[in-house]
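Trainee: One structure, pasted below without further comment.
Derivation of every value follows stated rules applied to the coordinates shown; laboratory data play no part. Note that the coordinates shown come from a computational prediction; the quantities given were computed from them, not determined experimentally. Don't worry about glycine lacking a Cβ; one is built from the backbone with ideal geometry, like all the others, and counts go over all protein chains shown.
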Amino acid sequence: MLRHSPASPLLSLPGAVPAEAPDEGVAAHYGDLFREQRALADGTGFVDLSHRGVITVTGPERLSWLHLLITQHVSELPPGQATEALILSAHGHIEHALYLVDDGETTWMHTEPGNQEALIAYLESMKFFYRVEVADRTDEIAVVHLPAGSITEVPEGVVVRENPHGRDLFLPRADLETFAAGHRPAIGILAMEALRVEAHRPRLGLETDHRTIPHELGWIGTAVHLQKGCYRGQETVARVHNLGKPPRRLVFLHLDGSEVHLPPHGTPVRLASEGEEGRQLGFITTSVRHHELGPIALALVKRNVPVDAQLMAGGTAAAQEVVVEP
């Protein structure tokens, strides 16, 4: 059973509506979803991500040890430089997604809500004689996201993971309410999800299933370093990269705006020409309402689906844009 972090105290803010799985514990929105999206896109406000798992690794061999386990090149990661990485199965399937930064003494990472225990169990099993210590910091540290362009000052002593999409703060959980009081507006997770889908960024557990490999989602390059070996699943990564034929590909969908309900995760995707009785070619991974684009989604479809094919997500018409080339 997944162990989730404590419910955020920011759920007591006016207008807060609790998020559903997999984001229980934080607010979906605070009463105005599109206003929150616009604020986030404009570089204002903050997103409460205190439901995410937080893990630290300390010890003099932490980076060289992590380098052997994850898909990213981190053996010489400079302090303050953000990166992201995956942990794969022996067959190259994605098991964990990590968002990391090292402060010169400690490697900080956050991961999907409730997944930290399984990740820590794996890391502990691989320690052997390395001089490293792994700790679950979820109960004491909350992740807060500041969007790109934000001029918000970071509290002194807070570790920051600065990346192209903004800044992730590893904030003491006890300071979360004080931070929120001085850094309005609070923005719900649905606004961040809408901008994530717009940017075609995959998320573990939504864009992935038990057989997803990195090439299918465009994670090659951002989370996978192709010039390093020595990690579990590397053989699959190299083979598929050299052959260039992942079995599925991520697509971006513009959904018919007349539909009242968004197609949920797992909704079958078929050719529009074959209707709802046609063979399933993939499934919806995430669908959202965007303040400018309207209803949009990400989906995982078979590689050989024509890039110009009109699709159906359940009973909803969907026009695709290529994210991962077939």
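Trainee: Among Ile87, Pro113, Val237, whose Cα lies farthest out toward the positive end of the dipole of the chain, if unit charges sit on the beta carbon of Lys, Arg (+1) and Asp, Glu (-1)?
Mentor: Val237
Trainee: Right, another one. Spin-label point model (7 Å from Cα, Cβ direction): what's the Glu292 to Ala199 distance in nm?
Mentor: With each label placed 7 Å out from Cα toward Cβ, I get 1.4 nm.
Trainee: Residue farthest toward the positive end of the dipole of the chain, with Cβ of Lys/Arg at +1 and Asp/Glu at -1: which of Gly275, Gly157, Leu293?
Mentor: Positive-end residue among those listed: Gly275.
Trainee: A further question follows. Which percentage, to the nearest 5, of the DSSP beta bridges contained in the chain is antiparallel? Intermediate results must be reported in sequence, preceding the final value.
Mentor: Values: 66 of 69 bridges.
That works out to approximately 95 percent antiparallel.
Trainee: Extending each Cα 7 Å along its Cβ direction at Gln310 and Glu153, get the distance between those two points in nm, one decimal.
Mentor: If labels sit at Gln310 and Glu153, their model points lie 5.6 nm apart.
Trainee: Distance between Cα centroids, segment 6-71 to segment 200-267: provide it in whole Å.
Mentor: 22
Trainee: I've got another one for you. Averaged across orientations, what area in nm² does the convex hull of the alpha carbons in segment 205-326 project? Provide the component values of the computation, followed by the final result.
Mentor: On the way: hull surface 32.7 nm².
So the Cα hull casts an average projection of 8.2 nm².
Trainee: Still on this model: Fewest first, what order do Val154, Val322 take by the number of other Cβ atoms within 10 Å?
Mentor: Working: Val154 16, Val322 13.
Ordered by Cβ neighbours within 10 Å, fewest first: Val322, Val154.
Trainee: For n ≥ 4 DSSP H runs only, could you compute -39500 (n - 2.57) per run for the chain, divide by its residues and tell me the 222 nm figure to the nearest 500? Can you show the working numbers first?
Mentor: Numbers: 6 runs with 54 residues, N = 326.
Helix-only estimate at 222 nm: -4500 deg cm²/dmol.
Trainee: Mind running the shape call on the chain? Use the C-alpha gyration tensor, a ≥ b ≥ c as the square roots of the eigenvalues: rounded below 1.5 for a/c, prolate if a/b tops b/c, oblate otherwise. Mind showing how you got there, number by number?
Mentor: Working: a/c = 2.02, a/b = 1.15, b/c = 1.76.
It comes out oblate by the Cα gyration axes.
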